[in-house]
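The values are calculated or read from the model by the stated rules, or taken from the named source; none is laboratory data. Please read these numbers as outputs of a predicted model, since none were measured by experiment. Because the Cβ atoms are built from the backbone with ideal geometry, glycine has one as well, and the counts that use them run over all protein chains shown. Surface accessibility is based on the protein's heavy atoms, side chains included, excluding ligands, DNA and RNA. Shrake-Rupley method; radii C 1.70, N 1.55, O 1.52, S 1.80 Å.
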Amino acid sequence: MTIGQAPRVDLVPELLRWLPGVEVVERGALDGLGAEQIAELAPSSSDRPVLTTRLADGSSVVLDHDKVVTRLQEAVRAVEGLGVDATLVVCTGEFPALDHTRPLLLAQRLLNAGVRGLCDHDGVLGVVCPLPDQREMTAVRWSRVARSVEVAVASPYRDDAVEAVAAAARGLAARGARWIVLDCMGYTEAMRVAARQVCEVPVLLARSVVGRLAGEVVA
């Protein structure tokens, strides 16, 4: 389940490496919407919490967090109606409780729990997030995991994303980060590798942490 549109050809094929033998049904919260309808989901003011995602045509959009929730709930009901065994929401944003009748796995909860288990609570945790407007929200969320959090910004949907993510990671390491988290399901293994090559600290990729944990439930 993506908050954008399916299919996510940039995400699902790589995610499947951690979900062997699983039959995947993709659904997007924005499936079936045209450009004008998607534009109505944009943030209405600068102080609104925002999310970014990829559309089926390969472009990316910025969405108002609260406006997405209703459509996400509708999408969960739709895939459960198809008889899926479990639903994985592949967005690391925080969401309110969603109604469901089958196991509902939220990438944000899996990622936070995985990082908490892997990293020393007392060290500096570096986090790369996609948008400048997400910087403060990201710092607050990850402060529940680590005492000290440093945040850098690099969108996974820009043309030079691999280089941008690596530069962001290098900057975080220079600011004392002992671990770095790429906090968006849009970040790829290639971006993780590039980030790891320029800094001498572990780099944790959201999609691999989430995929491995989700695989324990459905694989």
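Numbers for the structure displayed
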| read-out | value |
| --- | --- |
| Enumeration of residues in segment 66-115 that are hydrophobic (A, V, I, L, M, F, W, C) and touching an Asp or Glu at 6+ places or on another chain (Cβ under 8 Å) | A75, V76, L111 |
| Answer from G21, G28 - the residue that is among the small types (G, A, S), under 17 Å from the mean Cα position of the chain (by Cα) and within 30 Å of A190 (Cα to Cα) | G28 |
| Segment 163-177 residues that are within 11 Å of V127 (Cα to Cα), paired with ones that are aromatic (F, W, Y) (beta carbon under 9 Å, 6 or more apart) | V165/Y187 |
| Segment 17-33, residues that are in contact (Cβ under 8 Å) with a residue 60 or more places away in the chain and surrounded by fewer than 18 Cβ atoms within 10 Å (Cβ to Cβ) | R17, P20, G21, V22 |
| Single unsatisfied condition, L30 versus (1) outside any loop (DSSP other than H, G, I, E, B); (2) under 24 Å from E94 (Cβ atoms) | (1) |
| Residue match in segment 2-11 (condition: under 18 Å from A97 (Cβ atoms), open to solvent by 20 Å² or more (accessible area, probe 1.4 Å) and either assigned to a loop (DSSP other than H, G, I, E, B) or free of Cβ contacts under 8 Å to residues at least 40 places away in the same chain (or both)) | no |
| From the options T92, T87, residue that is within 23 Å of L16 (Cβ to Cβ), in contact with a Pro (Cβ under 8 Å, 6 or more places away or on another chain) and of a type in the set (V, I, T) | T87 |
| Some residue of segment 45-64 being open to solvent by 70 Å² or more (accessible area, probe 1.4 Å) and in contact with a Lys or Arg (Cβ under 8 Å, 6 or more places away or on another chain) | no |
| Residues located in segment 65-87, provided they are of a type outside the set (G, A, S) and either in a loop (DSSP other than H, G, I, E, B) or open to solvent by less than 30 Å² (accessible area, probe 1.4 Å) (or both) | H65, V68, V69, L72, Q73, V76, V79, E80, L82, V84, D85, T87 |
| Scan of segment 96-113 for residues that are open to solvent by less than 30 Å² (accessible area, probe 1.4 Å) and either at pLDDT below 95 or farther than 16 Å from A214 by Cα (or both), ordered by number | L98 |
